[in-house]
Amino acid sequence: MGHLELAGDENSSLSRRERRAVTLTAFATRENRSIVEMTITDVSYDGCGVVCSDGLTAGEKLEVSVVRRGVAVATVQWVDGTRAGLSFASEPVDETSTKQPRRHERISVSGEVTMRRAGRANFRVHVYDLSPEGCKAEFVDRPGLHEQLWIRFDGIEGLEASVRWVAGAKTGLKFSRPIHPAVFDLLAERLGRA
């Protein structure tokens, strides 16, 4: 799974007591696979402080993701209203142990969408299947595992997505927020069920 690079190289020696103030937008995947948005307010080598309006629970385990900085497994240590303290897992997590069945059936589609990778121009990719939580796309210049990118279906705003798997030119993408059912039905109709 890798680690979250919240502090630059100059901060890599931060101890638990030394926290650096930051303001970073993050997304956390809960054990039930729902996703919550949070703001990281301070960070140390082994944890961080966050503000999250979605009601975290002490002892809860999260996969915390920050765009272009990676993913880390964390445990909620304390909660005080919307503020919470997280500690990072000391051992890397085996990704196969975190895989869970899909919450939505994927439908087979065939169409093109606009994609953007960080620091690069927009380009078109072919999409093969779609669910409210993700899709499968074909890349010429394949992205890296866990890379954050943005996908834009014609007629709706862009969605942030992360790369969940890569097999040759085909890539599995997970949206940071699920597509609303009504919007999903419209997209499926536009892309044409294969």
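At a glance:
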quantity	calculated
DSSP-loop GluC sites (Glu not before Pro) across region 151-194, with at most 16 other Cβ within 10 angstrom	Glu157
Inter-label distance for Ser110 and Lys61, nm, one decimal - labels placed 7 Å from Cα along Cα-to-Cβ	4.2 nm
For His126, His180, order by how many other beta-carbon atoms lie within 10 Å, fewest first	His180, His126
Loop-located chymotrypsin sites (Phe, Trp or Tyr not before Pro) in region 135-194, at most 10 other Cβ atoms within 10 Å (DSSP)	none
Additional length obtainable on full extension of the chain from Ser34 to Arg164, 0.36 nm per residue less Cα span	45.2 nm
Distance (nanometres) between label positions extended 7 Å along Cα→Cβ at Ser53 and Val183	1.7 nm
Centre separation in Å (Cα based) which lies between region 63-77 and region 30-62	8 Å
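Just so you know, all these numbers are worked out from the coordinates, no wet-lab data involved. As the structure is a computational prediction, the values presented were derived from the model and not from experiment. Heads up, the Cβs are rebuilt from the backbone with ideal geometry, glycines too, and the neighbour counts pull from every protein chain shown.
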